[in-house]
Structure formats: C-alpha cells, structure tokens
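Chemist: Starting off with a structure, shown below.
Each reported figure results from applying straightforward, stated rules to the coordinates on display, with no laboratory input. This is a predicted model, so every value here is computed, not measured. Cβ placement follows ideal geometry from the backbone for every residue including glycine, while neighbour counts extend to all protein chains displayed.
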Amino acid sequence: MSPKGLAFAMTSLLDQTGRHGATTSSFGAAINLTCRECGATYDLGPGNACEQCFGPLEIGYDESLLATVTRESIEAGPRTMWRYGELLPATPLVDLQVGCTRLHRADNLARELGMKTLWVKDDSGNPTHSFKDRVVAVAASAAKALGFSVLSCASTGNLANAVAAAAARAGLRSVVFIPHDLEAGKVVTTAVYGGTLVAVDGNYDDVNRLCAEVAGEQPWAFVNVNVRPFYAEGSKTLGYEVAEQLGWRLPDQVVVPIASGALLTKVDKAWREFSRLGLVEAAPYKVFGAQATGCSPVSAAFAAGHDVVQPVRPSTIAKSLAIGNPADGPYALDVVRRTGGAIADVSDAEIVEGIQLLARTEGVFAETAGGVTVATLRKLLADGALDPAAETVILNTGDGLKTLDAVAPVARPTATIRPSLEAFREAGLA
Ligand SMILES: *Cc1c(COP(=O)(O)O)cnc(C)c1O
Ligand SMILES: [Zn+2]
C-alpha cells in the first residue's frame, strides 16, 4: 500500500487564538507514525505495520505542542470529545458530537458488591450507542484529511454502526464487513445508514483477514486496518473524560473490557499523558481487563504468565468482544502487569447476571460487553485481586438495546393479566 502524499493536507497558519502561533495541520499535534517495537518513524499517512520489523505503528506527537494544553484550554472547548482535540491526531472534519458521556456514581451497585466508591462511565450515550463513535470520529476525520472517499472496517458490530453513521454524516461512501451471525440489533442499525454492508460467512478473525486483503487492492480507509493508528487514539478520550469528570484526578482502579485490547491500552495512555502534561496529579492506578470465557485469549495469557497471546476460536454471547486473535493483546498484558492489575473472564450466564445487576442497581442497561465488565468486577473482588476500598471506575462501552436476545429469556413481564381490577388483585402484584 503506497502512502499518499500529504502536502495538500498540511497547512501552516497562525493559531487563531494567537496563543502559540504554531504550525497546525489536519492532524493536530501528530507528526509521524512510530513503530512501537523498533522506534522507526514514517510520514503520517495510511499504514499500520512497520516496514522494518512488522511491529504496530502508533501516532507520534510534537511534545512541545502537547505541552501547551491546559485544563482551561480543554474546558473552553466543545462539550464533545473534540475538547481534547489538541491531544488527537486529527481535526473534527467528521463530527457527530461524540463523547462527554455520563459518569454515574454507582452507590447501589457498590453497596451490593461491598465496595466503597464505584463509578460507571456510560458510553452507551454516544450517537450510535457505543464507545466506537470515539475511534471512528478520529479515523474518519483523518481519512478525510488524507483524501479518502470510502470509509470501511471489519467489525464485531458496534464499529459497523459507528462507521456507517459517520460516513453518512460526512458524505463518504461506507463499505462495512461483519460476521454473518451478528445480532439483528447491530445489523439493522448499520444497514439503515444506507452504506454497503457485507455479511461474511465466517467469524470476526476471518472478516479481519479478508479486510486486510481488500485494503491491499482498494483505495479505501479501513478505520481499524490501514488507518488504525489514528483510530486507536480516539479511545484516549474515554480516559481523558473520566479524569476530567472526577475533577481532574485519576481513580485508583479501572475495569476495561478487552476485544482487540486497544481501548485498555489507550485508557492507560490517556492517564499517563494527563499526568505527564500536569493536567492531573500523577498517582498510581491499576488497570484490570475483562473478557468472556468463550473468547478469553488475553485472560488466559495473563493467568499463564505468558507474554504471547494464543489465538482462540470465539464462542460467546459477548459478540462485540469476540476477537480470537487480538492485535493489542500483548500490549494490554503489559499495561495490566505494569500497573499491578489483573485480567479475568466470565461465563455467558455470568454476563447475563452482570447485565441484570447493573440494570437493577443503577438503572443502566448495558450490552453484553458491559455485562462482561460488571461480572468481571464481581469476580475480581471475590478473587481478592481488586480492592473494594479503593476508588474504582468501570466502563460500560455499549447499549443493551442492541443485544436484546442476550437477556430476552430472563427479562419478561412479571405477569400477563386481563384488563380488570379483579384480575390485577388476583395476580398478587400489589
Ligand atoms: C469494540 C468494543 C470493545 C473493545 O474494544 P477494543 O479496543 O478492540 O479492545 C469494548 N466494548 C464494546 C461494546 C465494543 O464494541
Ligand atoms: Zn519496527
């Protein structure tokens, strides 16, 4: 894949605030792509693997530009994830008003679990009801700046929604690839945006492999393949928001669901950046990972003390997390081990209980991934891995309305009665 010339996308102009008269571009403070393994650098453009060592590429920034960011400059920004735009590798060329989702103090759930202070960061409040709107906002904006006119992805469901919606809003064509057996609540909510939706007779890992091949011959921006370095940075905004909403400080513990592992690594990156830039007081925190037992390659590697993640064939109701060969798995392991956290996994039955527990105690209806996170929180507490007295944040990354089938058998009317007072009395519901 040949990197596109970027000269047309770069503009040198005076910062309109006059604050630092810096060179700005469509890519914010981003200056290059840097290999996470060998440190080789490349011009900003499409590409996700190092030509020297095949390591994954990550956005490199001009640290002097990042250093100009203050709490005040962020607070003066829009009430969307773009308030952190100066820390992102894109400018909002595609904007569905993503982010600034609710952070609920979850006292009822905390009491039930014997915890002291618990928060639920609820990203189901995003435009297409999952945290994937964040990654797509950055990837779509970067793709537009790079001159692409087709937005594409390999998706476990939520990404399909987010890409189709962002493309519709941006006037781009979308071509979205999904496994054929996704929940109806994720197929309908993608197709409605009118793009091309390709159901592939295979699992997510098959879809991802196919997309890597298609990306090699079509000039399309696959948000999680050839523009993945931009995409992944969007997840940082979830971490930034939690810190800002806590009053510019970090919690002691966070529980993050793992699919590819990118979100987990980027929440950690966000908090290290905020600490380094003096936006929060640097304090230790522990990052915990949550997986479904039916797709738990990272949890298994953690338990075995391995650095490599052995791919698995997924079988779980948590389809949004069903990545058997997670690209960022080893990096997620690094973060969890460095911070002193842990990774655990839960059964499909526990996932359903987790969804019910969060809904019953806090009035938040999570999708299966949220059920994984809540059930894993409970398991980590039972194992003594997570401290019930330490301030904890859990991330609900998606909306229960998209995975109704998971809870339909256990979420039924209490009774069905004839429309008479007598029938109501007889049913014993008062
Ligand atoms: C994609 C997804 C995740 C995990 O994302 P990764 O960055 O791939 O680990 C978590 N929750 C939901 C609901 C998702 O759709
Ligand atoms: Zn390299």
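Chemist: Quick one: if the Förster radius is 25 Å, what FRET efficiency do Asp206 and Gln97 give, using the C-beta to C-beta distance and rounding to 0.05?
Modeler: So, using R0 = 25 Å, E works out to roughly 0.15.
Chemist: Then there's this: Under 1.5 on a/c is rounded, so check that first for the stretch 262-399, then, if it is not, pick prolate when a/b is larger than b/c and oblate when it is not; a ≥ b ≥ c are the square roots of the alpha carbon gyration tensor eigenvalues.
Modeler: oblate
Chemist: State the Cα centre-to-centre distance between the stretch 220-249 and the stretch 184-212 in whole Å.
Modeler: Between the Cα centres of the stretch 220-249 and the stretch 184-212 lies a distance of 22 Å.
Chemist: Quick one: putting +1 on the C-beta of Lys and Arg, -1 on the C-beta of Asp and Glu, what dipole do you get for the stretch 201-300 around its Cα centre, in Debye to the nearest 20?
Modeler: For this selection, approximately 380 debye.
Chemist: Moving on to the next point. Work out the charge dipole of the chain with +1 on the Cβ of Lys and Arg and -1 on the Cβ of Asp and Glu about the Cα centre, then indicate which of Val69, Cys295, Thr80 is farthest towards its positive end.
Modeler: Farthest towards the positive end: Thr80.
Chemist: Still on this structure, please answer the following. Just to verify a number: FRET efficiency for Ser275 and Ala427, C-beta to C-beta distance, R0 = 56 Å, to 0.05?
Modeler: 0.45
Chemist: What size of dipole, in debye to the nearest 20, comes out for the stretch 337-430 about its Cα centre when the only charges are +1 on Lys and Arg C-beta atoms and -1 on Asp and Glu C-beta atoms?
Modeler: Once rounded to the nearest 20, the dipole reads 60 debye.
Chemist: Where does the chain land at 222 nm, in deg cm²/dmol rounded to the nearest 500, when only DSSP H runs of n ≥ 4 count, each adding -39500 (n - 2.57), divided by all residues?
Modeler: Roughly -10500 deg cm²/dmol at 222 nm, from the helical runs in the chain.
Chemist: In nm, what is the difference between 0.36 nm times the number of residues separating Asp383 and Leu246 and their Cα-Cα distance?
Modeler: Value of the extension gain: 46.6 nm.
Chemist: While we're here: Please compute the length gained on full extension between Ala390 and Arg173, using 0.36 nm multiplied by the number of residues separating them and subtracting their Cα-Cα distance.
Modeler: 73.5 nm
Chemist: Once the dipole of the stretch 359-423 is set up with Lys and Arg at +1 and Asp and Glu at -1 on Cβ about the Cα centre, which of Ala385, Leu395, Ala369 lies farthest towards its positive end?
Modeler: Ranked along the dipole, the leading option is Ala369.
Chemist: Another question, then. For the stretch 366-430 and the stretch 67-116, what is the separation of their C-alpha centers, rounded to whole Å?
Modeler: 26 Å
Chemist: Out of all DSSP beta bridges in the chain, what portion is antiparallel? Express it as a percent rounded to 5.
Modeler: Counting DSSP beta bridges with both partners in the chain, the antiparallel share is about 35 percent.
Chemist: Something else about it: How much length would be gained if the chain were fully extended between His180 and Ala300, taking 0.36 nm per residue of separation minus their Cα-Cα distance, in nm to one decimal?
Modeler: Length gained, His180 through Ala300: 40.5 nm.
Chemist: Further question: Which one, Val242, Val200, Phe177, is farthest towards the positive end of the dipole of the stretch 147-296 when Lys and Arg carry +1 and Asp and Glu -1 on their Cβ?
Modeler: Val242
Chemist: Sticking with this structure for a sec: Placing unit charges on C-beta atoms (Lys and Arg positive, Asp and Glu negative, everything else neutral), compute the dipole magnitude of the stretch 257-332 about its Cα centre in debye, rounded to 20.
Modeler: That gives the stretch 257-332 a dipole magnitude of about 140 debye.
Chemist: OK, next. Tell me, rounded to the nearest percent, the portion of alpha carbon pairs in the chain spaced more than 31 Å apart.
Modeler: 37 percent
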